[in-house]
Amino acid sequence: MMSEMWTSKLRKSWQKNLPIDKLLPDDQPAYVASWIYVFGVLTLAALGVIIATGIVLSFEGPAWYHTSSAGHFMNSLHFWSVQLFFVFMVVHLWGKYWMAAWRGRRLMTWMTGAVAFVASIATAFTGYLVQTNFDSQWITFEAKDGFNSVGVGAWFTVTNLGQMLLLHVAFLPLILGVITVMHVLLVRKKGVVPPIDAAISGVKL
């Protein structure tokens with residue numbers, strides 16, 4: 001008898017660890033109505049706007065968003081969605097920190113969220129470098145001195161616009177996207193963490 005195909009094993013493992021009722025639940029615990037649970041969704045919503053506007057900016061190019069009124073609007077929408085993304089993400093991370101969100105075997109959920117935050121900083125940093133304006137020039141050459149001082153300037157060349165553009169548009173968003181998907185799937189698998197005082201009331205962690 002032939003052994004099971006890898007696709008069959010993968011499907012069975014998926015169904016065992018993340019069945020459809022967990023992936024797409026019909027309801028949530030009552031405590032999810034608290035405002036602190038909203039910031040994770042707001043972070044994802046801001047990320048969606050960032051990706052959508054970023055795709056448009058990538059296709060149109062710097063000349064469009066520097067000279068066209070529609071380009072100015074799209075560039076501003078991209079910029080301010082990034083600001084909101086970080087506001088929402090920081091509140092989300094701090095909120096989950098004070099809730100001890102790693103309880104109930106949710107350590108990987110917490111860690112992927114923290115790593116996503118670090119990846120977001122790197123992505124936003126390269127975004128500032130490729131604005132192709134005076135601000136980006138100033139940031140670039142200040143950053144160049146910083147990277148040279150720690151010995152990585154020859155490898156991570158912030159003055160190379162092509163390298164920074166590729167990192168910002170392709171490489172770092174891909175990494176951030178993968179980590180974000182992992183984080184959301186872990187939240188679905190383990191469930192949202194209950195408030196600390198809910199454990200006293202007998203709520204399952």
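The values are calculated or read from the model by the stated rules, or taken from the named source; none is laboratory data. Keep in mind it's a predicted model, so treat the numbers as computed, not measured. Please note: Cβ atoms are built from the backbone with ideal geometry, for glycine as well, and neighbour counts cover all protein chains shown.
A few notes on this one:
- When residue 166 is tested against the conditions (1) of a type in the set (A, V, I, L, M, F, W, C); (2) under 17 Å from residue 54 (Cα atoms); (3) surrounded by 17 or more Cβ atoms within 10 Å (Cβ to Cβ), the lone failure is (3).
- Only a single criterion out of (1) surrounded by 14 or more Cβ atoms within 10 Å (Cβ to Cβ); (2) part of a helix (DSSP H, G or I) is not satisfied by residue 101, namely (2).
- Some residue of the range 171-191 being surrounded by fewer than 17 Cβ atoms within 10 Å (Cβ to Cβ) and either under 15 Å from residue 129 (Cα atoms) or aromatic (Phe, Trp, Tyr) (or both): yes
- The range 1-32: number of residues that are in a helix (DSSP H, G or I), closer than 18 Å to residue 185 by Cα and polar (S, T, N, Q): 3
Residue-by-condition table, conditions (1) farther than 30 Å from residue 24 by Cα; (2) at pLDDT below 90; (3) of a type in the set (Phe, Trp, Tyr):
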residue	(1), (2), (3)
129	yes, no, no
132	yes, yes, no
139	yes, no, no
142	yes, no, no
154	yes, yes, no
174	no, no, no
187	no, no, no
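- Test: residue in the range 136-144 that is over 21 Å from residue 78 (Cα atoms) and either assigned by TED's automatic domain parsing to the domain that holds residue 63 or among the charged types (D, E, K, R) (or both): yes
- For the range 40-68, residues that are polar (S, T, N, Q), at pLDDT below 95 and assigned to a helix (DSSP H, G or I) total 2.
- Listed by first and then second residue, the pairs linking a residue in the range 138-160 that is over 14 Å from residue 126 (Cβ atoms) to a residue that is in a helix (DSSP H, G or I), with Cβ atoms under 8 Å apart and 6 or more places separating them unless they lie on different chains, are 153/144; 153/147.
- Matching residues, the range 139-158, being farther than 12 Å from residue 129 by Cα and assigned to a helix (DSSP H, G or I): 145, 146, 147, 148, 149
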